[in-house]
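Engineer: Structure incoming, see below.
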Amino acid sequence: MANEDSVTMRINEKFADKFPVFSDHCIFKVPKQLRSVNEEAYEPQLIAIGPYHHGKDHLLAMEDHKIRYLQSLLQRSAQKDVSRYVQTIRNLEKRARKSYAEPLSFEHDEFVEMMLIDGCFIIEFIHKMVEFDVQDPIMGSGHMHVRLMLDLLLLENQLPFFILWELLRTSNVISNPEINFTRLILKAYKHYLSGPGCDMSPVYTSAEMMQIKSILGLIHDNWQPSLERTEVYKKMRETKKPSSTRCATELKEAGIKFKSVEGRNLFDIKFEKGKIEIPKIEITDITECVLRNLIAYEQLTSFTSPKYFTDYMIFMDSLINSKKDVELLCRKGIIDNWKGDDETIAIIFNKLGEHVFCESALYADIVNNVNDHCKKRRNLWMAKLKHHYFQCPWSSMSVVAAIILLLLTLIETGYSVLSYYK
């Protein structure tokens, strides 16, 4: 009985502990399975932001730049010291800790200092990036500048957005911050994905600013499909049955045509009259990293949250089984390959979909319509005819000659029959 009482007491003590509410979590670590596919895509190369990579040896060189940027921000805000900023972060410390899904071992002062220095660095970095201050050592180095921007997008390298927002309000360095701060960030990252997908003019209230999860979350939430495609997504999410389509070369064999379109949202793929229209996507050295972190973000947010990037990549992955598919899509202008050989691009697309949960709702209607089109006997017959007899001019000429010969033979036979009866 005594043992039972002691166990009861221990469990009751656990109940009394103040566990974080899981809905408060907005900054996660990448799951091991997902990370194992390409670990480098999730690791910061130059700078640690927040607690997950804080203090790593290869990132310590940026700590001096963080202090320099903090001094620059203080000068712009005409403030002599950081006391107001410290108090701002102290008031937010409890909520900020709850934002991280992993346990944190930082002491109070250490955590507050980290949030303040990292947050002020981001604010000043965004300012210098938009102003493009070439006198700054970071801005003057193309590689350093681009890599830092990429590091600030990594899933594990985030600060809660409300930390940035309250530090910005404390600094008072931007007029109309509800409008201009998010626009500055989105403007800075507008070329990181193909097409005009990012809403460059979102308007948030101060309360809504406090609900944005992170810079990565801001980019994700403003890079969305058109209203038309979003409505299809909502409908198919409720009613669709998961399905997949054939790869690009097989679809071509079945008579499906491909067309590249520019100036359209990245997600706005269409299928009409046997033709799949796909907005052009540039594959550069940063593309895989950006997409991987956006997909990881979707995988770790609420089950009901939209997963546009995941569905997009799964659809593209279904079109690409080998370098032949990449070659076809490059030839059609759908993929703009800045990485090199087609095999590399095929591997990137194939691995992006590994170990991810996918609804396949965003393009379920297109997949169904493509599959239905391919099943129709008339379309299959026409596709086989074109493949076997119209692949080259000589084949086409042979078919035409054979048809003419057949017609002449039929005419001659007809005349012979008529002559016989006369």
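The values are calculated or read from the model by the stated rules, or taken from the named source; none is laboratory data. Because the structure is a prediction, the values reported are computed rather than measured. Ideal geometry is used to build each Cβ from the backbone, glycine not excepted, and the neighbour counts take in all protein chains shown.
Engineer: Kindly list, by first and then second residue, each pair from a residue in segment 86-105 that is in the same structural domain as Leu116 (by TED's automatic domain parsing) to a residue that is assigned to a helix (DSSP H, G or I) and surrounded by fewer than 13 Cβ atoms within 10 Å (Cβ to Cβ), limited to pairs with Cβ atoms under 9 Å and residues at least 6 apart or on different chains.
Structural biologist: These pairs meet every condition: Arg90/His108; Glu93/His108; Ala101/Phe22.
Engineer: Next question, about the same structure. State yes or no: is Gly263 in a loop (DSSP other than H, G, I, E, B), surrounded by fewer than 20 Cβ atoms within 10 Å (Cβ to Cβ), within 17 Å of the chain's Cα centre (by Cα) and on the phi > 0 side of the Ramachandran plot?
Structural biologist: On the way: in a loop (DSSP other than H, G, I, E, B): yes; surrounded by fewer than 20 Cβ atoms within 10 Å (Cβ to Cβ): yes; within 17 Å of the chain's Cα centre (by Cα): no; on the phi > 0 side of the Ramachandran plot: yes.
No.
Engineer: Sticking with this structure for a sec: Which number in (1) under 17 Å from Ile215 (Cα atoms); (2) touching a His at 6+ places or on another chain (Cβ under 7 Å) marks the one condition that Ile138 misses?
Structural biologist: So Ile138 meets the others, but not (1).
Engineer: Starting from residues that are surrounded by fewer than 20 Cβ atoms within 10 Å (Cβ to Cβ) and hydrophobic (A, V, I, L, M, F, W, C), keep the ones in segment 296-319 and report whichever is modelled with the highest pLDDT.
Structural biologist: Only one residue fits best here, namely Leu300.
Engineer: What helices (runs of 4 or more DSSP H) completely inside segment 282-340 contain at least 3 residues that are among the hydroxyl-bearing types (Ser, Thr, Tyr)? Talk me through it step by step, then tell me what you get.
Structural biologist: Details: elements: 287-300, 308-319, 323-331.
Here the list reads 308-319.
Engineer: Can you tell me which of Ser206, Ser201 is over 17 Å from the mean Cα position of the chain (by Cα) and free of Cβ contacts under 8 Å to residues at least 24 places away in the same chain? Even if it seems obvious, please write down each step before you answer.
Structural biologist: Values: Ser206 fails: free of Cβ contacts under 8 Å to residues at least 24 places away in the same chain.
So the residue among Ser206, Ser201 that is over 17 Å from the mean Cα position of the chain (by Cα) and free of Cβ contacts under 8 Å to residues at least 24 places away in the same chain is Ser201.
Engineer: Another question, then. Going by the conditions given, is Leu218 touching a Ser or Thr at 6+ places or on another chain (Cβ under 9 Å) and not assigned by TED's automatic domain parsing to the domain that holds Val37?
Structural biologist: Values: touching a Ser or Thr at 6+ places or on another chain (Cβ under 9 Å): yes; not assigned by TED's automatic domain parsing to the domain that holds Val37: no.
For Leu218, the condition - touching a Ser or Thr at 6+ places or on another chain (Cβ under 9 Å) and not assigned by TED's automatic domain parsing to the domain that holds Val37 - is not met.
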